[in-house]
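K.L.:
Take this structure, written in structure tokens, and hold onto it; I'll ask about it next.
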């Protein structure tokens, strides 16, 4: 019986090898490379919550918008009297940065170990002024024993911040005491919860005179500045800033930004002074 022999073409194995090689080259070609997983997108920077003195409302709002435009990090602002904000932070309110209108309330939080002390800086200065409604004709030169009580009239009141807690009220009391006027007007003080509230009393004509910061007076056309208080009549007005111990990433960078030339230019346009 003859064997049956299966005929295998000589070149079939060679063609198979060539086909495998061609397939491999095709897979490795740039257009056909295996898809690779895209790197994970960077997480957006967390929003910063900034608690700031009422007198910073307009200027800090613009500065914060400029910061967000430059860095992409959003900033949420909350304004009130420095005293109220410090107590909120002490009570556990969320806050990444605190800006005070005086050093006392910043010191208070630092003494309670609620600030990242290495981030604390003095950012701005300001001036204390006597204001009246825009239509008022009152004239006064602020100096020792000046006639403040007489200018208030028989029943008028003097609007300023609460002298027991609100920075502008503390500065006002200190100035009036050094000028020997406090005793004559202390019973006629409208103790507002913050400087913007004191400004509003005068703007609405509910108080014939008020003591506020120069920057606040410049923002309201319903009032006019009667006179500046002498710089030596009260402690220098200083605005310190610091990140809190619970701050999100970026808080220290925001504090440093407040000292930068672009931010300082914004504050200067609103009437703030450099740090005394």
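K.L.:
Give me a count of the residues in the stretch 156-165 that are over 21 Å from residue 136 (Cα atoms), touching a strand residue (DSSP E or B) at 6+ places or on another chain (Cβ under 7 Å) and part of a loop (DSSP other than H, G, I, E, B). Break it down into steps so the answer makes sense when it comes.
P.N.:
First, pick out the residues of the stretch 156-165 that are over 21 Å from residue 136 (Cα atoms): 161-165.
Remaining after also requiring touching a strand residue (DSSP E or B) at 6+ places or on another chain (Cβ under 7 Å): 161-163.
In the following step, the residues that additionally are part of a loop (DSSP other than H, G, I, E, B) were identified as 162-163.
Residues that pass the stated criteria total 2.
K.L.:
When the residues of the stretch 139-151 are filtered to those that are under 18 Å from residue 201 (Cβ atoms) and over 35 Å from the mean Cα position of the chain (by Cα), which remaining residue is surrounded by the most Cβ atoms within 10 Å (Cβ to Cβ)?
P.N.:
In this case the residue turns out to be 151.
K.L.:
Let me ask you something else. Would you confirm whether any residue within the stretch 134-148 is in a helix (DSSP H, G or I) and not assigned by TED's automatic domain parsing to the domain that holds residue 74?
P.N.:
The answer is yes; a qualifying residue exists.
K.L.:
Out of the residues in the stretch 90-116 that are out of contact with any strand residue (DSSP E or B) (no Cβ under 6 Å at 6 or more places or on another chain) and assigned to a helix (DSSP H, G or I), state the one that is farthest from residue 236 (Cα to Cα).
P.N.:
90
K.L.:
Being touching a residue at least 60 places away in the same chain (Cβ under 8 Å) and surrounded by fewer than 18 Cβ atoms within 10 Å (Cβ to Cβ) is the filter here, so list the residues in the stretch 152-174 that pass it.
P.N.:
174
K.L.:
Somewhere in the stretch 233-246, is a residue in a helix (DSSP H, G or I) and either touching a residue at least 40 places away in the same chain (Cβ under 8 Å) or surrounded by fewer than 23 Cβ atoms within 10 Å (Cβ to Cβ) (or both)? Don't jump to the end; show me each part of the working.
P.N.:
As a first pass, look at the stretch 233-246 and keep what is in a helix (DSSP H, G or I): 233.
From what is left, the residues that are either touching a residue at least 40 places away in the same chain (Cβ under 8 Å) or surrounded by fewer than 23 Cβ atoms within 10 Å (Cβ to Cβ) (or both) are 233.
Yes; the residues of the stretch 233-246 include at least one that is in a helix (DSSP H, G or I) and either touching a residue at least 40 places away in the same chain (Cβ under 8 Å) or surrounded by fewer than 23 Cβ atoms within 10 Å (Cβ to Cβ) (or both).
K.L.:
Determine whether residue 202 is touching a residue at least 12 places away in the same chain (Cβ under 8 Å), touching a helix residue (DSSP H, G or I) at 6+ places or on another chain (Cβ under 6 Å) and on the phi < 0 side of the Ramachandran plot.
P.N.:
Answer is no for this residue.
K.L.:
Modelled with pLDDT under 95 and either surrounded by fewer than 19 Cβ atoms within 10 Å (Cβ to Cβ) or touching a helix residue (DSSP H, G or I) at 6+ places or on another chain (Cβ under 9 Å) (or both): is that true of residue 217 in this structure? If you could, list the steps in order and put the result at the bottom.
P.N.:
Numbers: modelled with pLDDT under 95: no; either surrounded by fewer than 19 Cβ atoms within 10 Å (Cβ to Cβ) or touching a helix residue (DSSP H, G or I) at 6+ places or on another chain (Cβ under 9 Å) (or both): yes.
Considered against the rule, which asks whether it is modelled with pLDDT under 95 and either surrounded by fewer than 19 Cβ atoms within 10 Å (Cβ to Cβ) or touching a helix residue (DSSP H, G or I) at 6+ places or on another chain (Cβ under 9 Å) (or both), residue 217 comes out as no.
K.L.:
Follow-up question, since we're still on this one. Inspect the stretch 114-137 for any residue being surrounded by fewer than 16 Cβ atoms within 10 Å (Cβ to Cβ), modelled with pLDDT of 95 or more and on the phi > 0 side of the Ramachandran plot and give the result as yes or no.
P.N.:
Checked the stretch 114-137: no residue is surrounded by fewer than 16 Cβ atoms within 10 Å (Cβ to Cβ), modelled with pLDDT of 95 or more and on the phi > 0 side of the Ramachandran plot.
K.L.:
I've got another one for you. Quick check on the stretch 207-214. Is at least one of its residues surrounded by fewer than 24 Cβ atoms within 10 Å (Cβ to Cβ) and not assigned by TED's automatic domain parsing to the domain that holds residue 121?
P.N.:
Taking every residue of the stretch 207-214 in turn, at least one turns out to be surrounded by fewer than 24 Cβ atoms within 10 Å (Cβ to Cβ) and not assigned by TED's automatic domain parsing to the domain that holds residue 121.
K.L.:
Just one of 263, 242, 222 is over 23 Å from the mean Cα position of the chain (by Cα) and either under 25 Å from residue 48 (Cβ atoms) or assigned by TED's automatic domain parsing to the domain that holds residue 182 (or both); which is it?
P.N.:
Working: 263 fails: over 23 Å from the mean Cα position of the chain (by Cα); 242 fails: over 23 Å from the mean Cα position of the chain (by Cα).
None of the others qualify; the one that does is 222.
The values are calculated or read from the model by the stated rules, or taken from the named source; none is laboratory data. Nothing here was measured: the structure is a model prediction, and the numbers come from that model. With ideal geometry, Cβ positions are generated from the backbone for all residues, glycine too; neighbour counts draw on all protein chains shown.
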